[in-house]
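Reviewing the structure listed below.
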Amino acid sequence: MIAVTKTWPASDVAELAALGVHDVAENKDQEARAKASSLESLDVRWHFVGQLQRNKARSVVRYADVVHSVDRPELVTALAKAAAQHRDAPLDVLVQVDLDSAAGRGGVAPAGVLALAAEVAASDTLRLVGLMAVAPLGGDPDHAFARLADVSRALRGEHADATWISAGMSGDLESAVRHGATHVRVGSALLGKRVSGHGSVRP
Ligand SMILES: *Cc1c(COP(=O)(O)O)cnc(C)c1O
């Protein structure tokens, strides 16, 4: 389980770590960078799960251990170059699959996954670990995650080590697990309901 701590303060990440949760995710570079730098001494793995602009690559590779949202060749190039300059170890990368072409929430269409994965795998400074997806809003998550499982099977046919399936959030994690998710990204079920703008509500 990866705790999604966006909108919540760094002190919550510290509390989670004290409780044994060492994987946390953020979706905005500015917020993630600030939290990671204030918690540098903490044993926490930072996952970046949001849509990522190319010009943020240099920032993200410095604190993130895993980037889940790689969805286009320009981003592969930018992350590979930034990782070469700013990291000692390769950056773990997931290709984000778009299961809902209408939504514009990022991701590459299923038909484009293998080509993009090949670009990641060809880089010395990136390590292809698997796939990430978000189920369509209002759609049937079982249908979406079954599709993702098919894409993952095809991916593992070419890249045996790319075993991660990052799928499932608070509302649909059971479905994701039924369809083979290896990592679920849980925010509101753990920390409370987020309110846009300021403040969030505890459960
Ligand atoms: C916010 C977010 C989550 C967590 O969503 P919840 O519904 O709060 O569990 C998971 N994945 C991504 C990509 C997110 O942006």
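The values are calculated or read from the model by the stated rules, or taken from the named source; none is laboratory data. Every value quoted in this text rests on a predicted model; they were computed, and no experiment measured them. Quick reminder, even Gly has a Cβ in these numbers, built from the backbone with ideal geometry, and neighbours come from all protein chains shown. What goes into the accessible areas is simple: the full protein's heavy atoms, side chains included, and nothing from ligands, DNA or RNA. Shrake-Rupley method; radii C 1.70, N 1.55, O 1.52, S 1.80 Å.
Here are the numbers for this structure:
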{"item": "Search result, residues across the range 66-88 that are more than 16 Å from the ligand (Cβ to nearest atom), more than 11 Å from Thr125 (Cβ to Cβ) and either under 14 Å from the mean Cα position of the chain (by Cα) or hydrophobic (A, V, I, L, M, F, W, C) (or both)", "result": "Ala78"}
{"item": "Selection within the range 170-190 - away from the ligand (no atom under 12 Å from the Cβ) and not small (Gly, Ala, Ser)", "result": "Glu174, Val177, Arg178, His179, Thr182"}
{"item": "Test: residue in the range 19-27 that is touching a residue at least 12 places away in the same chain (Cβ under 8 Å), in a helix (DSSP H, G or I) and among the charged types (D, E, K, R)", "result": "no"}
{"item": "Some residue of the range 24-34 being in contact with a strand residue (DSSP E or B) (Cβ under 6 Å, 6 or more places away or on another chain), open to solvent by 20 Å² or more (accessible area, probe 1.4 Å), over 20 Å from Gln85 (Cα atoms) and not aliphatic (A, V, I, L, M)", "result": "no"}
{"item": "Scan of the range 131-143 for residues that are more than 16 Å from the ligand (Cβ to nearest atom), assigned to a loop (DSSP other than H, G, I, E, B) and either under 16 Å from Leu114 (Cβ atoms) or not charged (D, E, K, R) (or both), ordered by number", "result": "none"}
{"item": "Candidates Ser123, Ser101, Ser166 - the one that is hydroxyl-bearing (Ser, Thr, Tyr), within 13 Å of the ligand (Cβ to nearest atom), on the phi < 0 side of the Ramachandran plot and out of contact with any Cys (no Cβ under 8 Å at 6 or more places or on another chain)", "result": "Ser166"}
{"item": "Residue satisfying all of: in the range 149-175; part of a helix (DSSP H, G or I) and touching a strand residue (DSSP E or B) at 6+ places or on another chain (Cβ under 8 Å); most open to solvent (accessible area, probe 1.4 Å) among these", "result": "Leu173"}
{"item": "Test: Ala146 is within 16 Å of the ligand (Cβ to nearest atom) and either touching a His at 6+ places or on another chain (Cβ under 9 Å) or outside any loop (DSSP other than H, G, I, E, B) (or both)", "result": "no"}
{"item": "Flag if Arg202 is modelled with pLDDT under 95, more than 22 Å from Phe48 (Cβ to Cβ) and more than 13 Å from the ligand (Cβ to nearest atom)", "result": "yes"}
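Per-residue answers, yes or no, for (1) more than 29 Å from Ala17 (Cα to Cα); (2) without any contact (Cβ under 8 Å) to a residue 24 or more places away in the chain; (3) of a type in the set (Val, Ile, Thr):
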| site | (1), (2), (3) |
| --- | --- |
| Val49 | no, no, yes |
| Arg58 | no, no, no |
| Val67 | no, no, yes |
| Glu74 | yes, yes, no |
| Ala82 | no, no, no |
| Gln96 | no, no, no |
| Ala111 | yes, yes, no |
| Val120 | yes, no, yes |
